[in-house]
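Notes follow once the structure below has been shown.
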């Protein structure tokens, strides 16, 4: 079917021309079926492999929705994916207003009322609903990307609840669920009362195989003999580069990811042209200097990139991840090693995907095979549209016997069916409070009715398996003072409603309330340990053998200042010890230890550190809001000050300096050592002197800011 044929389905010429600019002349089979069945006008679940054109289906449904003057809401499981889709939709629908909202969980974002297409994440959408965002009722199309993540143990329940809420809020809501891997897709489409479009079409043929004994053995094409004298990974990379292609290698741990990238670097460098090496040199400099003071990890990544190799995991900073992703997409980085989290991230196709570790360590069972669904997500990266005629997915194995197991289990296997993850007490506790606080459910009857609409109920035929848990949670929320019951009707208290709006686990809210009751003065370390102990901060950094004694000493030293009782059972005590370690990390951060010092001392990478800083910032904000509601006015300023110190990573004496754009923790400390301690000092110091301390460009910018600030203040005084 040609793109021009869209005019037969009432699509305007401008959309046809825009699709042509995307180099689309003919539709793929699933796209053609979607159009011919007019599924762009209906609710639909699309189960179709990666790169089969699902984004175009989202565009077509969006066009139809906009024509009816309704908003389009696109939700994604990951922030990185949300930004990718924001760019796609902004470019294609440039005459419409496209917005992205993925942060600030304590706002209804009323500004979104003025936008036609809104991109968000599952959790942010849940937060918007809790805050009563009025514009949600104007949504006509709800696009759920990666809908198979209903199966995710940690986040699947939120997506399930959000879908049911959206169906309750919006009458005649059209849902477009997109996924590459759904085994029980018919079941899912029946639950959502959607049409089903299922296809196994891939625009690029996928060949799956295993590698051992210097060869790659495929099940559906001829084997490849690899060069002797190289280890298996090097031989596969060598073969890939000889074909002028790229390879993505999945490893089980961050340590393995970095080690393999380093090992491959010298070898890959010999395959890179002089011109490409010059480009890589510039990228490596940018990577190394993404922090004010580069860490060993920064230097390691920089060194690998100089050779055309990158590594990617959660320990990198956001800027480093983006640089690696962008330059792999451009073909500048030839080899990328990554943890499996990348399989669910941004779209990074490669000619070859090599799965180095098909097993993962489980604390209870030892090394076990990864889920088949995860294997499918990884191999979905194989083959670059418009560049490759086919792609290859290869699993590293030991021998012939191991190869046979992999063929039977993964290559000939099917992904696991999606199941509901609602029967999790901590997750359910959070959503039940939210349902009551936002007036979705006010009685046992309405709660049962809501949960009867869930995938859990559809899957198991009833919610009787949940009823005891629902009753237990309601009683707990009443006991904690977050919910009250009168005449068999439930209401959230002011405290309960605020905790729900803050997107906190009610258990965290209870711990914060109890701690604030005890708190007369703010002890920094006790507050840092309090926020570190919360469920939101988990998983916490593990404690190394050499650290155990130090942590035990810290527990003993601070036992009289902790705001929560030291647990007696082993599991809770272990988490308590880990929270003490996390508090020490945060304490070192606000006392201006560098990222490198923290990495060396605690084995926590900059990426991990910054993600925990963001969570600590949110938890301190929440603590402040709960303290405000409880009338603890004497603590508010001190909590806020600690929060800013967490954001900036500085001692209290530098707070004025770091409030100025362009002055970070390192420059602020330099200025302080020179006797420049506040804005007034910055106004007085000559530009030439300031330039010698922090550089000419930054000095000019800072001078401009402080002088304009002075003029604004003078103007305000005149007006008064």
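Quick look at the values:
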| read-out | value |
| --- | --- |
| Unique match (being under 30 Å from residue 532 (Cα atoms) and either modelled with pLDDT under 95 or in the same structural domain as residue 158 (by TED's automatic domain parsing) (or both)) among 422, 433, 466 | 422 |
| So residue 215, is it surrounded by fewer than 18 Cβ atoms within 10 Å (Cβ to Cβ), at pLDDT 95 or above and under 24 Å from residue 359 (Cβ atoms) | yes |
| Set 103, 108: member being in a loop (DSSP other than H, G, I, E, B) and either on the phi > 0 side of the Ramachandran plot or surrounded by 18 or more Cβ atoms within 10 Å (Cβ to Cβ) (or both) | 108 |
| Residue in segment 213-229 that is at negative phi and under 31 Å from the mean Cα position of the chain (by Cα) present | no |
| Selected residue (only one of 555, 531, 561, 513 is within 30 Å of residue 668 (Cβ to Cβ) and part of a helix (DSSP H, G or I)) | 531 |
| Only one of 361, 387, 375, 367 that is over 29 Å from residue 126 (Cβ atoms) and part of a helix (DSSP H, G or I) | 375 |
| Residues within segment 532-553 that are over 27 Å from residue 506 (Cβ atoms) and crowded, with 17+ Cβ neighbours inside 10 Å, tallied | 3 |
| Boolean, residue 405 is without any contact (Cβ under 8 Å) to a residue 60 or more places away in the chain and not in a loop (DSSP other than H, G, I, E, B) | yes |
| Residue list for segment 683-692, restricted to those being part of a helix (DSSP H, G or I) and either without any contact (Cβ under 8 Å) to a residue 24 or more places away in the chain or more than 16 Å from residue 657 (Cβ to Cβ) (or both) | 684, 687, 688, 689, 690, 691, 692 |
| When residues of segment 243-287 are limited to those that are assigned to a helix (DSSP H, G or I) and free of Cβ contacts under 8 Å to residues at least 24 places away in the same chain, the one nearest to residue 333 (Cα to Cα) | 284 |
| Matching option when the condition is touching a strand residue (DSSP E or B) at 6+ places or on another chain (Cβ under 6 Å) and either closer than 27 Å to residue 60 by Cα or assigned by TED's automatic domain parsing to the domain that holds residue 456 (or both), among 164, 170, 210 | 170 |
| Unique match (being touching a helix residue (DSSP H, G or I) at 6+ places or on another chain (Cβ under 9 Å), surrounded by 23 or more Cβ atoms within 10 Å (Cβ to Cβ) and within 20 Å of residue 204 (Cα to Cα)) among 61, 25, 47 | 47 |
| Output for segment 1-31, where each listed residue is in a helix (DSSP H, G or I) and within 23 Å of residue 347 (Cα to Cα) | 18, 19, 20, 21, 29, 30, 31 |
| Residue match in segment 330-351 (condition: closer than 19 Å to residue 394 by Cβ, crowded, with 24+ Cβ neighbours inside 10 Å and within 17 Å of the chain's Cα centre (by Cα)) | yes |
| Verdict on residue 198 being under 30 Å from the mean Cα position of the chain (by Cα) and either touching a residue at least 60 places away in the same chain (Cβ under 8 Å) or surrounded by fewer than 20 Cβ atoms within 10 Å (Cβ to Cβ) (or both) | yes |
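Residue-wise test of (1) touching a residue at least 60 places away in the same chain (Cβ under 8 Å); (2) touching a helix residue (DSSP H, G or I) at 6+ places or on another chain (Cβ under 9 Å).
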{"position": "307", "(1), (2)": "no, yes"}
{"position": "314", "(1), (2)": "yes, yes"}
{"position": "322", "(1), (2)": "no, yes"}
{"position": "328", "(1), (2)": "yes, no"}
{"position": "338", "(1), (2)": "yes, yes"}
{"position": "349", "(1), (2)": "yes, yes"}
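The values are calculated or read from the model by the stated rules, or taken from the named source; none is laboratory data. None of these values were measured; they are calculated from a predicted model. Positions of Cβ are generated from backbone atoms using ideal geometry, with glycine treated the same way; all protein chains shown enter the neighbour counts.
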